[in-house]
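Read through the structure below, which is laid out as structure tokens, and then see the notes.
The values are calculated or read from the model by the stated rules, or taken from the named source; none is laboratory data. As the structure is a prediction and not an experimental result, all values here were calculated from the model. Heads up, the Cβs are rebuilt from the backbone with ideal geometry, glycines too, and the neighbour counts pull from every protein chain shown. Heavy atoms of the whole protein, side chains included, go into the accessibility calculation; ligands, DNA and RNA do not. Shrake-Rupley method; radii C 1.70, N 1.55, O 1.52, S 1.80 Å.
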Amino acid sequence: MRFSIVDRGDAFSTNIKGKVKVELINGGWIYDDQNPEIVICIGGDGTILRAIHCYLKNTATPMYVGLHTGTLGFLTDFGKDEIQDFLDYLLHSTPEVFTANMLEVYFPEIEETIYALNEIRLESLGKSLKLDIFIDDEFFERTNGSGICVSTQAGSTAVNRALSGAVVDSELSVMQLCEIMPLSHINHHSLRNPYIMNQKRRIKIKGDTLSYVNAYYDHLSKSLDNISEIHIKTSQKKVRFARYRTYSYLKRLKNLY
């Protein structure tokens, strides 16, 4: 098995990385940080997101598995006190593969595409942001506030949850649209509630004031200078997680609060 390791960067995680690397090589695995079959993430959810974006352009999509040493471990399956169990599973078990949808975000004016596992947020902190939202090319609403967040099922427990969006059960293939600090007054109304839509929907966003807006996707960001239109859909790209043992979605949720 070809593998690579991405760690959180703190001394504790880096030390564990060294131990895991030695044990796996001794067990016959091959360290290959260019074309791994599996990427071992030692840290928290942020470490897994960094790893996913690091290998996003690889022709062969690797699997990901996490050992939690960070502050949030919703995507990880093992804790820092389970290192030996973690190694035993890797060396002696065959994982089930769980796939998660990604968002595909296209900027037609600059012909650029970005991807996100959790969400993309279009956000302005300095000025009120007016956005026209189209779904399947049909006008849906004009939002007025600090921005919007479009999330996947996986991302429903991330920023979306902080925005009072719905937590979506595992294995449901959906997108969710939430407004960020929406304004409502006698001359303007919008849905305001989270809107959960099936994965086949296509979202188009138009606005003439995006020059002071940033797009935040997973742990990354992008300036929207000279951009006035954005297309969002569920991507054909998927993230593959290696599941070595049963760890229920409900248990993951309960670990959040």
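Quick rundown of the values:
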quantity: Total charge dipole magnitude, the chain, about the Cα centre, Cβ charges on Lys, Arg, Asp, Glu only, Debye to nearest 20; calculated: 300
quantity: Contact order relative to length of the chain, as percent, for alpha carbon pairs under 8 angstrom and 6 or more apart; calculated: 20
quantity: Average Cα contact separation per residue, the range 90-140, under 8 Å, 6 or more apart, as relative contact order %; calculated: 21
quantity: Debye, to nearest 20: dipole size of the range 1-102, +1 on Lys, Arg Cβ, -1 on Asp, Glu Cβ; calculated: 340
quantity: Contour minus Cα-Cα distance for R2 and L91 (0.36 nm per residue); calculated: 30.8 nm
quantity: Paramagnetic reach from E171 in the range 118-158 [backbone N under 20 Å; point 7 Å along Cα→Cβ]; calculated: 152-157
quantity: Computed magnitude of the charge dipole of the range 91-176 (debye, nearest 20; Cβ of K, R +1, Cβ of D, E -1); calculated: 520
quantity: Label-to-label distance, nm, for residues given as A162 and D136 (7 Å Cα→Cβ offset); calculated: 3.3
quantity: As computed over the range 192-257, the Cα convex hull volume per residue (Å³); calculated: 188
quantity: Of every Cα-Cα pair in the range 90-216, the percent that sits beyond 21 Å; calculated: 42
quantity: Heavy-atom accessible surface of the range 51-194: percent carbon and sulfur, 1.4 Å; calculated: 48
quantity: Computed P(r) (all Cα pairs; the range 8-145; 5 Å bins; percent); calculated: 2, 8, 14, 18, 17, 11, 9, 8, 6, 5, 3, 1
quantity: In degrees, nearest ten, helix 83-92 long axis to first principal axis of the chain (Cα); calculated: 80
quantity: Within the chain, percent of DSSP bridges classed antiparallel, to nearest 5; calculated: 75
quantity: Positive-end residue, the chain charge dipole about Cα centroid, Cβ charges, pick of I203, A11, H231; calculated: A11
quantity: Cα-projected label distance for R243 with C54, points at 7 Å along beta-carbon direction, nm; calculated: 2.5
quantity: Ordering of 67-73, 42-48 by burial proxy (mean other Cβ atoms within 10 Å per residue, highest first); calculated: 42-48, 67-73
quantity: Which of H219, A158, Y247, positive extreme of dipole for the chain (C-beta unit charges); calculated: Y247
quantity: Part-to-part distance (alpha-carbon centres) for the range 62-79 and the range 1-36, which is given in Å; calculated: 14
quantity: Fraction of antiparallel bridges per DSSP, the range 1-118 only, in percent to nearest 5; calculated: 25
quantity: The range 1-72: Rg to Rh, with Rh as the Kirkwood radius over Cα pairs; calculated: 0.95
quantity: Spin-label pair K251/E229, simplified geometry with 7 Å Cα→Cβ offset, distance in nm; calculated: 4.8
quantity: Protection proxy ranking, peptides 129-142, 109-122, 151-164, average beta carbon neighbours within 10 Å, highest first; calculated: 151-164, 109-122, 129-142
